[in-house]
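Notes follow once the structure below has been shown.
The values are calculated or read from the model by the stated rules, or taken from the named source; none is laboratory data. Remember, it's a predicted structure, so these values are computed and weren't measured experimentally. Reconstructed Cβ throughout: ideal geometry from the backbone, glycine too, with neighbour counts over all protein chains shown.
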Amino acid sequence: MTGGEPTLQNDLCNFIKKIKNLKFLVKLDTNDTNPEILQELIHEKLINFVAMDVKSPAEKYKMYIFRTTRKTRIF
């Protein structure tokens with residue numbers, strides 16, 4: 001799922017369920033605008049992969065890229 005910000009779509013969960021019923025794996029590209037939706041998708045095991053695009057001002061870039069992150073296994 002990509003293009004614009006998928007988590008802004010009201011029917012995203014239902015759409016992904018239809019794709020999963022067809023036995024496809026689902027990758028979500030997001031900027032994490034809606035962390036609650038992302039958490040729900042992970043909790044419901046509706047996505048297999050996540051790619052997150054994090055943007056920041058140039059002066060804060062190193063602060064973000066060198067942070068320790070919590071890794072969550074989705075599937």
- How do the pairs read when you match residues in the stretch 32-61 that are surrounded by fewer than 16 Cβ atoms within 10 Å (Cβ to Cβ) with residues anywhere that are outside any loop (DSSP other than H, G, I, E, B) and modelled with pLDDT under 90, using Cβ under 6 Å and keeping only pairs 6 or more apart or on different chains? Asp32/Met52; Val54/Tyr64; Ser56/Tyr64
- Restricted to the stretch 63-72, and to residues that are assigned to a loop (DSSP other than H, G, I, E, B) and farther than 16 Å from Pro35 by Cα, which residue is modelled with the highest pLDDT? Phe66
- Query: Can you tell me which of Lys55, Lys45, Lys23, Lys18 is more than 10 Å from the chain's Cα centre (by Cα) and part of a helix (DSSP H, G or I)?
  - Reply: Lys18
- May I ask you to list the residues in the stretch 26-42 that are touching a Leu at 6+ places or on another chain (Cβ under 7 Å), assigned to a strand (DSSP E or B) and at pLDDT 95 or above? Leu28
- Query: Out of (1) modelled with pLDDT of 85 or more; (2) part of a helix (DSSP H, G or I), the odd one out for Lys60 is which?
  - Reply: (1)
